[in-house]
Every structure is written in C-alpha cells, then in structure tokens.
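The values are calculated or read from the model by the stated rules, or taken from the named source; none is laboratory data. Treat the numbers as computed from the prediction; the structure is a model and nothing was measured. Positions of Cβ are generated from backbone atoms using ideal geometry, with glycine treated the same way; all protein chains shown enter the neighbour counts. Keep in mind that these areas ignore ligands, DNA and RNA; they rest on the heavy atoms of the full protein, side chains included. Shrake-Rupley method; radii C 1.70, N 1.55, O 1.52, S 1.80 Å.
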Amino acid sequence: MPRISEDITESFLSESEELLESVRKSVLALKKDKDDAGILSELLRNLHTVKGNSRMLGYSSIERLANAVEDIFKGVKDGQVKISDRLVRLVFLVSDKIASCLSSIEKSGTDETDVSLYVTYCDKIGAGELFDIDEVEKEIQRSQGGLIFEDDGDDDGQSVSDIQSIRIKLKKINEIISSFDDMLIREFRLKHQLDSLREIEEKTGNHEIARLRKQLETDIGSLETTIFSVQQQVFDLRMLPISRVLGSFENTIAIESMQLSKNVRADIPETDILLDKVVLEQLSDILVHLVRNCLDHGIELPEERAAAGKDEQGVISIHCKADSKFVELTVADDGKGLNYEKIRSKAMEKFPERTDEIRNMGDKELTQFLFMSGFSTKDKVSDLSGRGVGLDVVWTNIEKIKGRISIESERGKGTSFILRFPLSLATMQGLFVTSNHDKFLIPSQHLVDIIYRKKSEYINLQNQNYIRLDSSLIPVYSLSSLFKEQKSVQNADADTILIAEFMEQQVGIIVENVQRYASLVVKPLPQAFKNFKILQGIVFDEHYDIVPILYVPEIITKFKKLRGYDIKKYEANTKKRIYRILVVDDSDTTRQIEKTILTNGGYSVDCAVDGINAIERVKSKQYDLVLSDKDMPRMNGLVLLENLRLMENYRTVPVVIMSSDDSSMKEFEEAGASAFISKGNFNRGKLLDSVKSLLEGAEK
C-alpha cells in the first residue's frame, strides 16, 4: 500500500471518529423513533462516507465493517429488518471494533485484523436469523487480540521542516517532573546559604558582601519564578480533557440499560475541563462503578416507573464544574432512591456486634456501609452489579486522587453521588499546623471547618471529650496524643479544633495552632517511611524545611480506637423528638396555611385532600396528631374520625377538628374528637397551643 501523508491520515481519523459517534447517536435515535426517515438517511450517508474513505486509503477492515452495518440499515429502510435491542447492541459492538481499528491506524499505520466474526453476525441479523447477543459478546471477547500494535517508529521519508508535533511518552514527562523536584531541593539549599550570608553581612557590615548578597537574592528570586513556571508547563503536558472519559458513557448507558430491560437516557453536557492523566485514569473506573450502580440499583423498570407516576424513561446525568483547582462531579439518577432502612437492616446483619450503634445511626451515617467491601442491598446477584463489589472500589480510587465523595438521596426521586477532587495530583492543598511543637500539613480534602472552643465547653462522657456542633456530638482528640513523647504546651484560653470527616463520620482534631493555607508540590515519602501509614508524603514550607503530610483517614481510624463511650446511644436518648402531623382539608389554601404554621412551630407535616386520601396516608405512616376539616367531599371529617378510632394504632392519637360552625361539636366529641377549633376566630397561637397541649398530654 502506498504511503499515505500524515495530514491525510489525521484528517481521515478525525472525520471517521466524528462520523462513528454520529452513527451511534443516530442508532439510539432510531430506536426511539423507528419511522424517522431523516435520521435513517443521515445514518446511511455517514456509513457510506466511512466505507468510501476507507476503501480509497486501503483500510480494508474498516471498509468491510462499515459495509456490513450499511447493509443492515438498507434492510431497515426497505422494511426487511426491524430495529431491536439486539440490533442496536450488535451495531455498537461493530462500532467499537471500528474505533479499535482507527486506534491501530494511529499507532501502527494499519487496520489489519480479522473482522469476519462481526461481518457474519451482521449478515445473520440482516437475514432475520435469531441469535443470542450475550453469547455473541462473549464470543467476541474470546476472539480479541487480532490488532497489531507497534512502537512508534521514525517518520521515514518526511521532511524535518514538515513535522509540527512530536510524541513524548508519559514516562519521560514524569522523569522531567522528578528532575524539577531535585532542582527545588537545590534551590532551597541556595536560600539557606543566602540566609547564612545575610547573617555574616549583619555581623561584619561588609559592603561587598551586601552587594553580592543582594545580587544573589535577585538571581535566586528570578530562578524560583522560572522553575515554578516551567514546572507548571510540564505538569500541563499531562493534562487531558475530561471529555475523553465522559464521551463513552452515553453509549455505555444505552447498551447496559438494554441488557437490564430498562429505558434510560444519558444527560452529559459537553465540558472543556482538563485533568491530570493520573486523575483521569482513576476517574474512569470510578464512573463505571457509579453509573452501573445507578442503572442496576437506582433506575426502576419502565412498568415500575409508570406505576409510580414517573416517565417510563429514566435519566442518568453526569455533570461537572471546575472550582479553582478542584472539580465537582455529580453522577445522579432519577430512580427510586436509597432505602435507608434496608441499608440499616443489612448493616446489622453483616455487623451484629454493632447492632445498637447502627440502629441509632442517621441516614447520612448509614451511607458509609455502601462503600464497604462485600456490602450490597441487592438480594439477587446480577452480572452488572450487586456482587458486593463496586462502591468500595469507588471509595479506594477517590482516596487515590485525594478526593471526597458524598451521597444525597430522596426516596422515590433519585440518588446523587457528589465527587470533589483536584485537577492535578502534582500539588496538594492543605493547612500547616503545629502539634507537640512539630509542624505538619493536613490536606484540605478531609477538612470541614476550623472552630475554637473553651475547655469549659467540652462535654465529658466516660473520659472522652465531645463538642456539640450543629445539633450533633463530635468526639474531640488531640493530635499530640498520637505521639509517644508529648512535649509540654502552654495552655491557651481556647483550643483550635479542625473538624475532619471520613466515611461520613466527623471528629475534632485539636492542634496548637493553624499557620496558613498552602498549595505545594508533593514529594514521596523516603523509603524508610513507606510503612508509616499515618504519613502520605512530604512538602517544603516557606523556610525550606521538610514537613510531613498527615493521612487523615488513618488518623481518624486511630482516634476511633480510643473511643470508650457509644456516642450514638447518647444522641438517640437526648435528641429532641420531631412530632408528625397530618393536615386534612379539601382547600389547598387552608392546607398551606395550616402546614406553614405547624412547620414553623417545629413539626413535620404531611397533607391529605380529603378523608379517603387521609386513610391511605395513615395506613402507610404513623402520625402523632391529625388535624382535619369538618366538611369535605368523598369522606367528611366525622366519617374519617370514626374510621381512625376503629384502627388499633389510632385509637388514642389526638384528632383536632376544624370547622366554620359549632353545630355538630357534640357529635364529634362522642365520636372521639380531641379538640374542636372554629375557623371563625382562628389564630396561629391558638392552633399551636392546642396542638402542643394535646401532644404533651398524649406523652403522659
């Protein structure tokens, strides 16, 4: 085959990738609207272009694959072939093979590989033959390995002046970055020598030394600026667009949702955010597990969504935004949301020794179990997820990229996984702190807040100090307690406390003082400290001294081993009870007024539009008080009251009747009404007083 110019090859590869992506989108669009002739025409045109270009350039494997898919959709156009999940999945398998061939051309200049298996199944689906697409995928996986990959060779025959770009292996970039680290150490030594020279100048008053010192100071300052500038440019060579990872997930979601018999679309807006290649590699694996979790655990089957009054088509979104040197990425679904009680039950089953603690955990704390190895709420194992692995890998990989993850979920509305991580791992953001007269850097990824507390404000429970923060009790530990030899420290009026978070649990870390926030280049630990888990690296401070970086998860783990009191039991016993009230009224305005008053009074309030609706609600949830209108369609207040008193769990629950007249008050009292409020002289205070009095009476 004659040599093809680099410009033509690059143009072919670029155009083919765009056409291939357009083909994939058109196939998914046709699945939704099989009669859209415009989409079908565009699809055939793009396939024909790929086939024709491949033929002209001598890429026979791509030509055969494009021709096979083109024949399928010619059959669709003629009405001989129907669009099905099996067809879509097969076409995506072929498109992946074409993409692999394009990659081979870029690496080795050839697309030579055996594509007969793909062509055979394309012919079968075109002929209407039945086959198991899952078995086809397995057969293709077994046959992988046909493409030829070679090391990049020299650009023989190409003029040096024509070369506009060169390839640099990542290994070489990392070696350059390592060299910069050595340069920084030498620069710090020069600064130490400059300090010594300044001391000699002050002692001797020698003007010649002063002149040399000023010149050296200027030169070192310029050198420092240049080193950091060039170093940042070298770091940028490792930066790649996040779209390289996100681009494939629309197809992944489409194909894997078909395997689960679910109807799901992807919402992945375009973005121009650049990430360090090291971060991007870990992020890909993280997103795969999160998306699969959303597909398998989150999104319901179409019939389940329809029964719940939702659109049969579910949505999985991946949105990201850059904030200074960090990225916040959210993977969300509009599925059924987390079943916290099921998580609680599974957790108690898996950790029976922690039953009391788990029983008293809040929803947010329960999510920590989802990230534990072997933990799954799925009763039936599937090929996609539910094997007890997945989210534990997510947590591990998030730690590797110095990030954090949290979960927000609402029952029946969906779940969101919020990830926050740095753009690059080359530098680290954190706080310089001192403890035991030693200096440390604490990474910012696990820090929530910095607070100050007097010693008199601590709550001491069985020799363990706690602080109250946002209605929660948080255990507090001194960082110096981790060191065998504790040096004497002058007592301050108030302690400086860093609030740190790991696995949805918070602790307070007492330090002597917080010096400053810094963003610094990280150096790996010396070999002698590799097994010292409490440290994760070193940095240089403003005085060019080596400062160890503390590994917060390990610190918290060590602190937790010191706990001698079950704080969860204490919180459960001291937490203020929130009463639940059901408001029943056919007037939307009245419902909203009463709900607003009661909500502002500190109550949890649900509403029902009439008696029948109220009966449905009380069957699914236990309320502490019912506030009902007297006259309503379908079922009025009196009939509702009578029905409630027939229910075992509502025989003594206070029921307040609202009415514009008092004519039937006696009838309601005989039926078991607890109180009667007239709408004629209604006021906010009277309602709250009545409710409070009835609830307190019910407690006695």
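Where strands (runs of 3 or more DSSP E) fall wholly inside the stretch 233-349, the ranges with 1 or more residues that are under 22 Å from Lys32 (Cα atoms) and more than 16 Å from the chain's Cα centre (by Cα) are 264-267, 314-323. For the stretch 208-218: of the residues being in contact with a helix residue (DSSP H, G or I) (Cβ under 9 Å, 6 or more places away or on another chain) and open to solvent by 50 Å² or more (accessible area, probe 1.4 Å), which is farthest from Leu520 (Cα to Cα)? Checking each candidate, the answer is Leu212. Filter the stretch 624-674 for residues that are more than 13 Å from Gly611 (Cα to Cα) and of a type in the set (Ser, Thr, Tyr); which is nearest to the chain's Cα centre (by Cα)? Only one residue fits best here, namely Tyr650. Of the residues in the stretch 355-367, at least one is closer than 21 Å to Glu501 by Cα and without any contact (Cβ under 8 Å) to a residue 12 or more places away in the chain.
Taking the criterion of being hydroxyl-bearing (Ser, Thr, Tyr) and either in contact with an Asp or Glu (Cβ under 6 Å, 6 or more places away or on another chain) or open to solvent by 60 Å² or more (accessible area, probe 1.4 Å) (or both), the only residue of the stretch 329-344 that qualifies is Tyr340. Note on the stretch 19-130: enclosed helices (runs of 4 or more DSSP H) holding 2 or more residues that are among the acidic types (Asp, Glu) are 60-77, 85-108.
Among the residues making up the stretch 578-595, none is modelled with pLDDT of 85 or more and surrounded by fewer than 14 Cβ atoms within 10 Å (Cβ to Cβ).
So, in the stretch 653-683, of the ones that are of a type in the set (Phe, Trp, Tyr) and at pLDDT 85 or above, which residue ends up least open to solvent (accessible area, probe 1.4 Å)? I'd like the intermediate steps shown before the answer.
Looking only at the stretch 653-683, we keep the residues that are of a type in the set (Phe, Trp, Tyr), and these are 668, 676, 682.
Narrowing the set further to residues that are at pLDDT 85 or above leaves 668, 676.
Details: Phe668: 5, Phe676: 43 Å².
If we take residues in the stretch 653-683 being of a type in the set (Phe, Trp, Tyr) and at pLDDT 85 or above, then Phe668 is least open to solvent (accessible area, probe 1.4 Å).
Any idea which of (1) farther than 30 Å from Leu425 by Cα; (2) open to solvent by less than 20 Å² (accessible area, probe 1.4 Å); (3) part of a helix (DSSP H, G or I) is the one Gln368 doesn't satisfy? Tallying (1) farther than 30 Å from Leu425 by Cα; (2) open to solvent by less than 20 Å² (accessible area, probe 1.4 Å); (3) part of a helix (DSSP H, G or I), Gln368 fails exactly one: (1). The criterion of being in contact (Cβ under 8 Å) with a residue 24 or more places away in the chain and of a type outside the set (Gly, Ala, Ser) holds for Thr590. Scan the stretch 485-517 for residues that are modelled with pLDDT of 75 or more and over 30 Å from Asp392 (Cβ atoms) and the total you get is 12.
Can you give me the number of residues within the stretch 458-472 that are under 19 Å from Ala494 (Cβ atoms) and either touching a Lys or Arg at 6+ places or on another chain (Cβ under 8 Å) or surrounded by 18 or more Cβ atoms within 10 Å (Cβ to Cβ) (or both)? Counting residues in the stretch 458-472 that are under 19 Å from Ala494 (Cβ atoms) and either touching a Lys or Arg at 6+ places or on another chain (Cβ under 8 Å) or surrounded by 18 or more Cβ atoms within 10 Å (Cβ to Cβ) (or both) gives 4.
Looking only at residues in the stretch 1-24 that are aliphatic (A, V, I, L, M) and open to solvent by 30 Å² or more (accessible area, probe 1.4 Å), the one that is modelled with the highest pLDDT is Ile8.
Checked against (1) open to solvent by 40 Å² or more (accessible area, probe 1.4 Å); (2) modelled with pLDDT of 85 or more, Lys380 passes all but a single condition, namely (2).
I'd like the full set of residues that are at negative phi and part of a loop (DSSP other than H, G, I, E, B), limited to the stretch 396-421.
Keep residues of the stretch 396-421 that are at negative phi, which gives 396-401, 403-411, 413, 415-421.
Within the stretch 396-421, Ile401, Gly403, Arg411, Lys413 qualify.
Looking only at residues that are at pLDDT below 90 and of a type outside the set (Asp, Glu) in the stretch 312-326, which one is farthest from Leu287 (Cα to Cα)? Checking each candidate, the answer is Ser324.
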